[in-house]
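**Q** Here's a structure for you.
The values are calculated or read from the model by the stated rules, or taken from the named source; none is laboratory data. Computed from a predicted structure; not experimentally measured. All Cβ positions, even for glycine, are placed from backbone atoms using ideal geometry, and neighbour counts span all protein chains on display. In case anyone asks, the SASA skips ligands and DNA or RNA and just uses the protein heavy atoms, side chains included. Shrake-Rupley method; radii C 1.70, N 1.55, O 1.52, S 1.80 Å.
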Amino acid sequence: MVHVLSSRVLLRPTDPERSRAFYGEALGLPVYREFGTGPERGTVYFLGGGFLEVSGRADTPLSPDTRLWLQVADVTAAHEELQARGVRVLRPPLREPWGLVEMWIADPDGCEIVLVEVPADHPLRYRPGI
């Protein structure tokens with residue numbers, strides 16, 4: 001068995017400064033740590049139970065198959081806050097057939113991010129008889 005102590009998603013943006021502004025200012029993610037110097041230095045942000053590291057520089061954007069899933073307490077409040085900050089909303093909050101409330105945004109390189117609210121009556125939070 002692999003005993004995982006910590007984990008993080010690694011993003012190599014095409015424009016590191018623009019991506020740091022997006023994740024740190026527009027999304028307001030708190031910084032866990034920073035390393036290196038210069039424009040391509042690394043910044044690691046808290047993502048609830050995980051981390052997001054933005055470091056280095058890519059020549060091309062990420063694959064469109066790469067997506068981030070972020071659970072939030074109130075997706076409607078997040079929608080209002082992010083719109084006020086000028087974040088590009090791909091799809092406003094909507095309750096999905098599987099019961100989660102989801103909203104889609106994109107980072108500056110087009111990486112799609114789903115913000116998810118798990119309602120109190122959803123099986124992820126409530127399991128009758130258990």
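**Q** If a paramagnetic tag sat 7 Å from the Cα of Arg125 along the Cα-Cβ line, which residues of region 86-119 would have the backbone N under 19 Å from that point?
**A** Flagged as within label range: 93-104, 114-119.
**Q** Turning to a different aspect of this structure: For Arg85 and Glu25 in one chain, what is 0.36 nm times their gap in residues minus the Cα-Cα distance, to one decimal in nm? Provide the component values of the computation, followed by the final result.
**A** Numbers: separation 60, 0.36 × 60 = 21.60 nm, distance 0.86 nm.
That pair, Arg85 and Glu25, stretches by 20.7 nm at full extension.
**Q** Could you go through region 28-36 in sequence order and give the Karplus-derived ³J(HN,Hα) for each residue, using 6.51 cos²θ - 1.76 cosθ + 1.60 with θ = phi - 60°, rounded to whole Hz, and x for Gly and Pro?
**A** Here the 3J(HN,Hα) series is x, 6, x, 7, 7, 6, 10, 8, x Hz.
**Q** Angle check, please: helix 75-84 long axis (alpha carbons) against the longest principal axis of the chain (alpha carbons), in degrees 0 to 90, nearest 10.
**A** 40 degrees
**Q** In the chain, if the dipole is taken from +1 on Lys/Arg beta carbons and -1 on Asp/Glu beta carbons about the Cα centre, which of Gly110, Pro30, Thr14 is farthest to the positive end?
**A** Pro30
**Q** On to the next question. Send over a whole-number figure in Å² for the accessible area per residue of the chain, probe 1.4 Å.
**A** Numbers: 7970 Å² over 130 residues.
Ligands and nucleic acids excluded, the figure is 61 Å² per residue.
**Q** Long-range amide H contacts for Val101: which residues qualify at under 5 Å (H placed 1.01 Å from N, peptide plane, sequence gap of 5 or more or a different chain)?
**A** Glu96, Glu117
**Q** Determine the relative contact order of region 14-130: mean sequence separation of Cα pairs under 8 Å and six or more apart, normalised by residue count, in whole percent. Kindly include the intermediate steps, with their values, before the conclusion.
**A** Numbers: 194 pairs, mean separation 25.8, N = 117.
It rounds to 22 percent for region 14-130.
**Q** Now a separate question. Would you calculate, for the chain, the mean residue ellipticity at 222 nm contributed by helices, counting each DSSP H stretch of 4 or more residues as -39,500 (n - 2.57) and dividing by all residues, to the nearest 500?
**A** On the way: 2 runs with 15 residues, N = 130.
Using -39500 (n - 2.57) per qualifying helix, the result is -3000 deg cm²/dmol.
**Q** How large, in percent, is the carbon and sulfur part of the accessible surface of region 1-98 at a probe radius of 1.4 Å?
**A** 54 percent
**Q** Same structure again: How much length would be gained if the chain were fully extended between Tyr32 and Val9, taking 0.36 nm per residue of separation minus their Cα-Cα distance, in nm to one decimal?
**A** 7.0 nm
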